[in-house]
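One structure below.
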Amino acid sequence: MTRLEEHRTAFVFNKGVGPLLRIDQLSHEEIDLVNAEFFARMRLRPEGSSFEEMYREYAASLGSWGIMCPHPLGFRLYDGSRDSRSPLPFSESRWYSCRLCSTAVINR
């Protein structure tokens, strides 16, 4: 079992609560695992899916592995209601959700 598969097992066991990996922390082999799942999901989607739907599907693939979405700051909604163009410190906001993929991330 790879490091990423162990991380995913623990993440799923804890019902999606726990530390998230950043995509830039993954090895090429680990990215291949995530991409394989993404392409398997895409084969099940109807032909002609929009780019936005494909992007959300990729974010869902990342989330199922316990990997933080790579979406830019402009899509973060701090504490579920506050928008900010720059990251907020933990003392000002404990979490944010991504408006593109609905992933909730502890703001650390």
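Part of a helix (DSSP H, G or I), over 21 Å from W95 (Cα atoms) and of a type outside the set (S, T, Y): is that true of R41 in this structure? Yes: the conditions hold for R41.
Restricting attention to region 12-50, which residues are β-branched (V, I, T) and at pLDDT 90 or above?
Step one: filter region 12-50 for residues β-branched (V, I, T), giving 12, 17, 23, 31, 34.
Within region 12-50, just I31 meets the criteria.
If you filter region 74-108 down to residues that are within 20 Å of E57 (Cα to Cα) and among the polar types (S, T, N, Q), you find that the one that is surrounded by the fewest Cβ atoms within 10 Å (Cβ to Cβ) is S102.
Here S61 fits the description: surrounded by 13 or more Cβ atoms within 10 Å (Cβ to Cβ) and among the polar types (S, T, N, Q).
Based on what the data block shows, is L44 more than 18 Å from R22 (Cβ to Cβ), among the hydrophobic types (A, V, I, L, M, F, W, C) and under 15 Å from the mean Cα position of the chain (by Cα)? Show your work before the answer.
Numbers: more than 18 Å from R22 (Cβ to Cβ): yes; among the hydrophobic types (A, V, I, L, M, F, W, C): yes; under 15 Å from the mean Cα position of the chain (by Cα): no.
So L44 fails the test.
Here is a check on your reading of the model: is I67 hydrophobic (A, V, I, L, M, F, W, C) and touching a strand residue (DSSP E or B) at 6+ places or on another chain (Cβ under 6 Å)? The answer is yes for I67.
The values are calculated or read from the model by the stated rules, or taken from the named source; none is laboratory data. Here the structure is a predicted model, which means the values were calculated and not measured. In this analysis, Cβ positions are derived from the backbone assuming ideal geometry, glycine residues included, and neighbour counts consider all displayed protein chains.
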